[in-house]
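Read-outs: derived from the displayed coordinates by stated rules, not from any lab. These numbers come from a predicted model, not from an experiment. In this analysis, Cβ positions are derived from the backbone assuming ideal geometry, glycine residues included, and neighbour counts consider all displayed protein chains.
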Ligand SMILES: *Cc1c(COP(=O)(O)O)cnc(C)c1O
């Protein structure tokens, strides 16, 4: 990274001046897209820094250094999707080992653990991480890791990151945290002791519903080397084109998050007093049970609000009646996205497990975009009354 990249600068400045923001050779205002699979050896006795794009690509490397800087880590890794980042990272574990996981983890992570890694002999126990005692109770002789997601998806439950990572360290456990919902603008888990931070960069980091990507960051040298070996060995890398597009989106992360969060707070307050809404989940609400812990470890509440409209039929009516948000899987984009966890992100979860985790048939998840919030509220109000 160049000297222009100063770690002491504020987050908004780092987003724009991250080291590869100006091309060293030409002065170009963005890092070139190195659309090459292989690299010439000018001198066979002195192998080049890059030799094959699965093992390393300068455009991808710029993105990897960028996310490492933003998360306060040292080593970043870019993958073809969030699930590619998460699945590759889980391969730090071996057959016979056990991981403790947030119970309302992202549906894809749940599916990975229960249908794929389970087959390879990697065991998992899902616990309610709002209750630290149940985390401790899940410890087994073969436990090797703890996987957190906070706020969780879609019920926005809060895990105490510092408490969990301190306990994990005492027991020699690796800690991983899916930071997709908060992004490094609002939450930097490495500062709270997490070993590895993971992202579906498909969401807020890229921000425009046009890129599929995943990221992993660690501050630890040894873990960095192991992740590099896995990324190269599995071949789950992000392409140069997508790396460039992701960096383009990330430059506006703070501007987007600030706007969307302000709107999300307004939406959550409005929903809380709506007669047709049974429950609202948002860590910024005064009555959210995890609010204090969340405020101690995060700089904001994010742009995702989940709420219960009272039943599956009502939820479907609302989803069909809204005019403004995309009705879709995914979140974290310039346009608002309304999704239905029971039939979308958490469809892989058996109904009884889903209900146990508070993902009811009436629960919908609103990811607030950059539209005018008054228009979004008027639109949702009409849909709720439909
Ligand atoms: C979307 C998502 C993922 C998976 O990411 P993909 O890019 O879709 O593979 C993982 N975790 C969370 C919290 C997500 O929202």
Take the Cα radius of gyration of the stretch 171-242 and divide it by 2.2 N^0.38 Å, with N its residue count; two decimals is plenty. 1.17
At q = 0.07, 0.08, 0.13, 0.14 Å⁻¹, the log10 of I(q)/I(0) for the chain from a Debye sum over equal Cα scatterers comes to -0.31, -0.41, -1.06, -1.22
Just to confirm the number: angle between the C-alpha axis of helix 373-384 and the first principal axis of the chain, 0 to 90 degrees, nearest 10? 50
Mean separation of Cα contacts under 8 Å, 6 or more apart, over the residue count of the chain: relative contact order %: 17
Can you give the FRET efficiency to the nearest 0.05 for residue 228 and residue 273, using r as the Cβ-Cβ distance and R₀ = 45 Å? 0.35
Residues of the stretch 189-203 with the amide nitrogen closer than 19 Å to a label point 7 Å from the Cα of residue 170, along Cα-to-Cβ, please. 192-195
Semi-axis lengths (Å, descending) of the ellipsoid that matches the C-alpha gyration tensor of the stretch 55-197: 23, 18, 14
Final fewest-first order of 304, 101, 334 on the 10 Å Cβ neighbour count is 334, 101, 304
Stretchable slack from residue 292 to residue 120, in nm (0.36 nm times residue separation minus alpha-carbon distance): 58.0 nm
For a quick check: sort 7, 203 by the number of other beta carbons within 10 angstrom, fewest at the front. 7, 203
Taking every Cα atom in the stretch 254-384, find the radius of gyration and the maximum pairwise distance Dmax, and write them in Å. 14.1, 40
Pull out a ≥ b ≥ c, the square roots of the eigenvalues of the alpha-carbon gyration tensor of the stretch 1-95, then state rounded if a/c is under 1.5, prolate if not and a/b is larger than b/c, and oblate in the remaining case. oblate
Taking R0 as 30 Å, what's the FRET efficiency between residue 252 and residue 323 from their Cβ-Cβ distance, rounded to 0.05? 0.70
Express the relative contact order of the stretch 60-123 as a whole percentage, based on alpha carbon pairs under 8 Å and six or more residues apart in sequence. 28
Taking a label point 7 Å from the Cα of residue 37 along the Cα→Cβ vector, which residues of the stretch 226-241 have an amide N closer than 16 Å to it? 235-241
Relative to the longest principal Cα axis of the chain, at what angle does helix 221-234 sit, 0 to 90 degrees, rounded to 10? 90
Rounded, prolate or oblate: which fits the stretch 119-278 when a ≥ b ≥ c are the square roots of the eigenvalues of the alpha-carbon gyration tensor, with rounded for a/c under 1.5 and prolate only if a/b beats b/c? oblate
Long-range Cα-Cα pairs in the stretch 21-71 (distance over 15 Å), rounded percent: 55
Write down the Kirkwood hydrodynamic radius of the stretch 128-185, to one decimal in angstroms, obtained as one divided by the mean of 1/r over all alpha carbon pairs. 11.9
Given an 8 Å cut-off on Cα distances and at least 6 residues of separation, report the relative contact order of the stretch 254-384 as a percent. 29
Förster radius 45 Å - calculated FRET efficiency between residue 386 and residue 95, Cβ distance, rounded to 0.05: 0.30
Extension gain, residue 24 back to residue 220 (0.36 nm per residue minus Cα-Cα distance, nm): 67.8 nm
Evaluated at 37 °C with a viscosity of 0.692 mPa s, what Stokes-Einstein diffusion coefficient in µm²/s does the stretch 295-337 have when Rh comes from the Kirkwood expression over alpha-carbon pairs? 262
Rank these for me by crowding, 343, 83, going from fewest to most other beta carbons within 10 Å. 343, 83
Under 37 °C and 0.692 mPa s, how fast does the stretch 172-212 diffuse according to Stokes-Einstein, given a Kirkwood radius computed over C-alpha pairs? Answer in µm²/s, whole number. 301
Kirkwood hydrodynamic radius for the stretch 197-311: how many Å is it when counted over pairs of different Cα atoms? 16.8
